[in-house]
Amino acid sequence: MSSLATGSEQASPARGPLRDGVWFTGAAAVLLAAIVFGSSIGPAGPDWWRVPLELLNRLPLIDFDSGVTDGEWAIVWKIRMPRVILGGLVGGMLSIAGAAYQGVFRNPLVDPYLLGAAAGAGLGATIGLTFGRSATSGWPIDPVPAVAFVFAVATVMVTYTVGAAFGGSRTGVTLVLAGVAVVSFTSALQAFILQRNLDVIREVTRWLLGSLTRSSWADVRLVLPYVAVSSLVLIVHRRHLDVFRVGDEEAATLGVSVPRTRLVIVIAATLGTAAVVSVSGLIGFVGLVVPHVVRLIAGAGHRRLLPLSMMGGAAFMILADVPGRMLTRPAETPIGIVTAFVGAPFFLYLLRTRRVGA
């Protein structure tokens with residue numbers, strides 16, 4: 001019955017190419033509006049309404065005076081725009097990874113940090129901030145993102161290895177339990193290091209709360225390949241994620257190699273998540289809430305869910321970063337606090353209406 005329901009859902013007229021095109025066009029328009037709005041707001045630079053005019057002026061075959069000076073445009077292009085683009089990459093990757101994790105584990109309450117990517121990145125950042133910067137002061141790159149990325153990937157690999165050894169690759173439940181154990185152990189190591197290096201607690205806490213303050217085009221270039229490859233792999237496996245909805249045994253009877261497919265999806269989602277977290281810090285609720293919102297609006301089929309979650313998550317992150325710049329000027333509110341303020345009440349609302357995972 002489940003497979004028949006899934007098949008009828010995928011064959012319904014509402015899921016045709018024309019309807020998908022309407023959804024994707026609308027999501028792209030929202031994302032474009034968010035990019036323009038995010039690049040228009042800031043404590044310094046040109047008036048907000050001049051930025052969209054100057055962006056239009058930068059298009060080919062268009063030439064008029066927007067009133068933006070070269071110095072003001074430098075602020076927009078070198079400070080605001082990389083922050084906006086990086087925020088979009090972070091939000092989009094967390095959202096599509098969250099949708100993939102929820103699909104592959106058939107659990108609407110999981111997020112991209114399920115198998116320990118966040119805990120591993122936090123431990124790596126703590127080690128980098130505590131020991132790395134003094135020993136690598138002459139390095140051409142900041143060691144903190146690099147160490148955070150390595151530890152995030154390594155933690156998920158340990159989780160998957162332990163879980164698979166006890167049958168987690170077949171059911172997924174053991175993987176989740178292994179993730180809980182590995183996260184607890186990793187968090188204990190992080191607390192142990194911080195207890196003996198109290199001078200870095202404030203800096204580690206700021207990293208853990210998430211921030212796009214120091215974003216640059218170098219950060220965009222660093223994470224873009226990971227986001228592109230990971231997202232492409234997940235979208236290619238969108239039909240497998242639909243099959244996972246009917247259960248592992250049913251998926252196997254339909255010709256899906258469940259352990260191998262689950263591993264590929266988890267690796268792709270983890271690599272993308274680790275890459276964006278290494279440059280932004282830990283930002284919660286994006287990968288949990290955005291896919292649910294998309295399901296409520298556009299349905300649960302992954303052909304539509306994955307790309308819409310990516311565009312919706314990118315727009316959400318860009319817009320969530322704006323209050324952080326403006327609320328406590330000249331200081332900034334960490335973006336993780338803003339997403340928690342928005343995401344936690346909304347997710348409680350979703351739970352209250354009992355439509356999560358619908």
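Bear in mind these aren't lab numbers, they're just calculated from the coordinates by the rules spelled out. Quantities reported herein were computed from a predicted structural model and do not represent experimental measurements. When we count neighbours, we look across all protein chains shown, and the Cβ atoms used for this are built from the backbone with ideal geometry, even at glycine.
A few comments on the model shown:
- For the peptides 48-56, 35-43, 300-308, residues were scored by their other Cβ atoms within 10 Å and the scores averaged per peptide; the highest-first order is 300-308, 35-43, 48-56.
- Taking the average, over residues, of other Cβ atoms within 10 Å as the packing measure, peptides 109-116, 259-266 rank 109-116, 259-266 from highest down.
- Ranked by the mean number of other Cβ atoms within 10 Å of their residues, highest first, the peptides 217-224, 206-213, 191-198 fall in the order 206-213, 217-224, 191-198.
- Between the C-alpha center of region 172-227 and that of region 14-46 there is a gap of 30 Å.
- Look at the alpha carbon pairs under 8 Å that are at least 6 residues apart: their mean separation over the length of region 188-274 gives a relative contact order of 32 percent.
- For the chain, a crude dipole built from +1 on the beta carbon of Lys and Arg and -1 on the beta carbon of Asp and Glu, taken about the Cα centre, is about 660 debye to the nearest 20.
- Of the residues Tyr226, Tyr349, Tyr160, Tyr101, the one with the fewest other Cβ atoms within 10 Å heads the list, and the complete ranking is Tyr349, Tyr226, Tyr160, Tyr101.
- Every helix of 4 or more DSSP H residues in the chain counts as -39500 (n - 2.57), and over all residues that averages to -23000 deg cm²/dmol at 222 nm.
- In this Cβ point-charge picture (+1 for Lys and Arg, -1 for Asp and Glu), region 143-302 has a dipole of about 160 debye about its Cα centre.
- Mean Kyte hydropathy of -1.0 or more with a Cα span along the axis of at least 30 Å, helices from DSSP in the chain: 17-40, 81-104, 143-165, 173-195, 258-280, 302-326
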